[in-house]
Structure formats: C-alpha cells, structure tokens
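Written below as structure tokens is the structure these notes are about.
The values are calculated or read from the model by the stated rules, or taken from the named source; none is laboratory data. Source: prediction; values computed, not measured. Note that each Cβ is placed from the backbone with ideal geometry, even for glycine, and that neighbours are counted across all protein chains shown.
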Amino acid sequence: MSRISVVRDRGRDARLPGPQARLLKQINQGFTDAWWAHYHKLVEKRQDCLLSAPEHRELIRLTDQLEKREVKRLQALLKLAKLRKQSLTQLMKALRLTGLSGGTVEGGWADDLKPDDDINTIVEVITDEGLIGVGSAMTSKALVAAAVRLLRPLLIGERADEPMRVTEKLRQSTFWQGRGGAVEHAISGIDIALWDLFGKITNQPVARLLGGYYRDKIKPYGSMLFAEPESLREKLLQALARGFKAIKLGWRPFGRRDSKTDELLVRTARDTVGPDVELMVDAGGSEQFWPHGYKWALRTAKMLADYDVVWFEEALPPDDLEGFIELRRHAPVPIATGEVLTRRQSFRPFIERHAVDIIQPDCTKCGGLTESWRIGWLAYEHNIMLVPHGWNTAIGLAADLHLTAALPIARNVEFLTPSPYLDELVTEPFKPDAEGFLHTPTKPGLGIELNREALKKYGI
C-alpha cells in the first residue's frame, strides 16, 4: 500500500479560512517515515512468509491504524469540500459603518477642515460566514448611513463575489434617488468592500481579478496644500524625508492673490526639492465661487511650464467642459481634472472630447473600483492617462494601487501626507521604497488588514 498523498491548496494553505486550514492540516497529518519503514518491512516479510506470530499481530495493529486514519482523512476531505463549496457562495449579511474623526487633515477650502470633521467613512461588508470586506467612502458617516438605508434591502442576501453586477444593480435601482452624490459615494465604499471580499473568497489579489498585473509597483506623489513660502519649504523637506520622489501642491494661497504670489510659491517649491523631484500643481478650481477662467488658466499654465511642472490640475471649475477643451489644446503642460465627478457617464464627455490629458476619478466617490476600472479603460482607448485622486484613506490607496496595476498605462497614485488615516489605519502602513515607489499588495483581496486599535481611536 502506498503512502497517503498530501493535499495542497496551490501553495497557499496558510491563507485559507480557519476551519479549512484546520481540516487541511488534519488531512495531511500522516505517519512518520519510521512508521512507514516498519510497516513496509512487515508487509515484505508477510509476502515472503517469514512473519513470526508477534510480527503478524503487529502488522494487524498497524493496518488497523492505517484504515482508521484513512476513514478520518476521507471524512475531513468531505467536510473540506463542503466548506469550499459554501465559501464560493457566500451571501451578504450585514454592513458596518465607521466615520473617521480626530485625524482629518486640512482641506484648503475657504472654511478649512478641522481635525474632528467627519468626511471619510470606512465601510465593512460582512458575509453569512463571517468574512469581512473593507471599503472607504469620501463622505460623512451620516450621509453614508442615510444612503445605506436606501441600499440595504437591495444588498442583503446578494452574492459577495460579484461586485460589478451587484453595484450596478444598486446604481440602476436607485435611479430616481441617486445618479451621483452621497448615494454614489456610498456605493463606492460598498463596491471596494465587495472587491476585497471577492479576492478573499477566491484567494486572489484584486489586481488579478481586475484583469491582471501590468506592473507591481508605482510611484506615489506626496499630496499636500500650499502654504506661505517658509512654511511651504518646511513641508516639502518633510515630504522628501518621508521618501517621496514626486510631490503635488494645491489650493490656497495659490490662485487666491495674484500671479506674483503664484510664481513665488512654485519657484520656492522647485528650489527646495531640486530638479529631480517631480512637481504637480492643483489650483483647486472646485472650490466654491472659483474666480478664474480660461485666460488665467492658460497664462498660469505657461508659468508652470517654466518650472517643469508635470501637470496642472483643476485649473477651472469641474463642469467647465468647453473651457477644459480649449485649455488642453493650448496649454504647454498636461491638464488634469475629474476628482469631483461621479458615475462613468460623467467622465465620458471629458474623455471622448479630449478635454484633459489626465483623468482623475476618485474610487471612494465615483462608484468604486468598478467604475474607476471602466473609466480607466475608456481613457486608455482615447490615449488619456488615468491618475486616481486619493485625498482619503489607506483603504482608498490600496484600491488605487490595485486599479493602476491592472491598467495598461499608469504612472502615479496620490498619497495624502502626512495623514493618520493613511499612516495608522492599516496594520502594515504604506511607505515609499528607496526609489520612491509603492508596491501593490499581493495578499488576497485588497491585501490589507484594518488596525482595529486605530479604528477605535478615530472611529465615530
């Protein structure tokens, strides 16, 4: 009789859910090499009719052990097969929402954000087997909770491994009360959580489920607000010390005083970081009552080109499609926008009419990974770059890393810095490597684990 074969789970036994891992261990738990050597020696002696009476009794005892072990092994195999069948048909049972407060960074708006302001919500989707998927929505908990009351009846009982179909069902079924805004923001958080679940159920990273890895690392840009020259210089030096090789500066006081101030700020930034660090500028044109139009944007773009700025973001109000078309046509630097848009349909005219060089969906607002992936491929077909907007959380950053890994052309992800919601919310915080790159997580799902202590600290 040959030895019992060992069952493998494609080399990923350690990642199995607890009950499955225990069963697999039971299946593979066998006898020692010494036991097998003794057993085979007795079998050979029996074949040669050389067994003594005591050896015969010993062979009967060992055979009995082997038969009992085989019965237990078969029982464990049947239980494992049943569990795996169940795990592939997990259904959604509950949602858990946690607003974030106490670590909110400055926002740049006229009435600046305070640390206790609640503008990000962690969304957890829980299956009937207790598996948890994690998402993030860039909207207050109150608004997400209100949207979830609308969405919950459409979600509970649905499969947990079909994120594209399920979130499209949510979108289509809330046509009269949704079509963007807080409802779409809530769908975004749910969608990201469902992709996390899909990966955990199938034991695959999200990037592979989105189509596969075109790259396994990408350059983040440290994202921060402008400040007065001396303060700005200090902020930039801190970002360089954290390992960033690309930095984006945005909002006040840039664009709020005069052109001399604007150039002073950009010159200060370039002098501080040197010629080898990439610089991007975000005018913040989505701020309320934005005062500038096309001619200011074009004149400013020409100034930015003198300082080798990589792109000019939100130079106009986000709905000024015609203005962006003209600006993109004549500006000497690439033009970017898209962070406030929701639903893929809102992005179509900007892409199809070539209003931008870079489109910037925020997966925590625009409809999740599903919509961002669709927007990314539409942009690719029109030779437009996607760089995701990411002024949110470590969960949002993880989603952006998987998204950009699964698109043919990508160059950056946004990394809000410093921010407790980026640096503390996951057990293994993201950090640029020595070359200034982030590596896409390879564990199942988003490949991250929530830091429950940090969630208690900042959760409301």
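A compact table of results
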| quantity | calculated |
| --- | --- |
| Every pair of residues 6+ apart whose Cβ atoms lie under 8 Å, when the first sits in the stretch 394-419 and is within 18 Å of Asn451 (Cα to Cα) while the second is basic (Lys, Arg) | Pro418/Arg242 |
| Boolean, Asp196 is surrounded by fewer than 24 Cβ atoms within 10 Å (Cβ to Cβ) and either acidic (Asp, Glu) or assigned by TED's automatic domain parsing to the domain that holds Trp251 (or both) | no |
| Residues (of a type in the set (S, T, N, Q) and either assigned to a helix (DSSP H, G or I) or outside the structural domain of Leu155 (by TED's automatic domain parsing) (or both)) located in the stretch 165-193 | Thr167, Gln172, Ser173, Ser188 |
| Residue match in the stretch 377-384 (condition: assigned to a loop (DSSP other than H, G, I, E, B), at pLDDT 95 or above and out of contact with any helix residue (DSSP H, G or I) (no Cβ under 9 Å at 6 or more places or on another chain)) | yes |
| Count of residues meeting criterion [under 21 Å from the mean Cα position of the chain (by Cα) and in contact (Cβ under 8 Å) with a residue 24 or more places away in the chain] in the stretch 156-179 | 10 |
| Residue within the stretch 396-404 that is surrounded by 24 or more Cβ atoms within 10 Å (Cβ to Cβ) and in a loop (DSSP other than H, G, I, E, B) present | no |
| Hits in the stretch 250-278 - residues which are outside any loop (DSSP other than H, G, I, E, B), in contact (Cβ under 8 Å) with a residue 24 or more places away in the chain and not charged (D, E, K, R) | Gly250, Ser259, Leu264, Leu265, Val266, Thr268, Ala269, Thr272, Val273 |
| Any pair with Cβ under 9 angstrom, 6 or more apart, that starts in the stretch 369-391 at a residue that is farther than 20 Å from Lys219 by Cβ and ends at one that is of a type in the set (A, V, I, L, M, F, W, C) and at pLDDT below 95 | Asn383/Ile409 |
| Test for Gly18: is it in contact with a Gly (Cβ under 7 Å, 6 or more places away or on another chain), closer than 30 Å to Thr393 by Cα and at pLDDT below 80 | no |
| Residues within the stretch 171-198 that are touching a Pro at 6+ places or on another chain (Cβ under 7 Å) and among the charged types (D, E, K, R), tallied | 1 |
| Tally of residues being part of a strand (DSSP E or B), within 30 Å of Pro163 (Cα to Cα) and of a type in the set (A, V, I, L, M) across the stretch 199-240 | 1 |
| Residues within the stretch 325-371 that are farther than 21 Å from Ser140 by Cβ, in a helix (DSSP H, G or I) and either outside the structural domain of Asp306 (by TED's automatic domain parsing) or touching a strand residue (DSSP E or B) at 6+ places or on another chain (Cβ under 8 Å) (or both), tallied | 5 |
| Enumeration of residues in the stretch 295-327 that are among the basic types (Lys, Arg) and within 17 Å of Gly284 (Cα to Cα) | Lys295, Arg299 |
| Condition met for Gly103 (surrounded by 16 or more Cβ atoms within 10 Å (Cβ to Cβ) and assigned to a loop (DSSP other than H, G, I, E, B)) | yes |
| Selection status of Glu322, in contact (Cβ under 8 Å) with a residue 24 or more places away in the chain, over 30 Å from Ala186 (Cβ atoms) and of a type in the set (Asp, Glu) | no |
| Thr139 surrounded by 21 or more Cβ atoms within 10 Å (Cβ to Cβ) and assigned to a loop (DSSP other than H, G, I, E, B) | yes |
| Test result for Lys248, buried (at least 22 other Cβ atoms within 10 Å of the Cβ), of a type in the set (Lys, Arg), under 23 Å from the mean Cα position of the chain (by Cα) and assigned by TED's automatic domain parsing to the domain that holds His402 | yes |
| Residue count for the stretch 207-230, restricted to those that are farther than 29 Å from Trp311 by Cα and buried (at least 24 other Cβ atoms within 10 Å of the Cβ) | 0 |
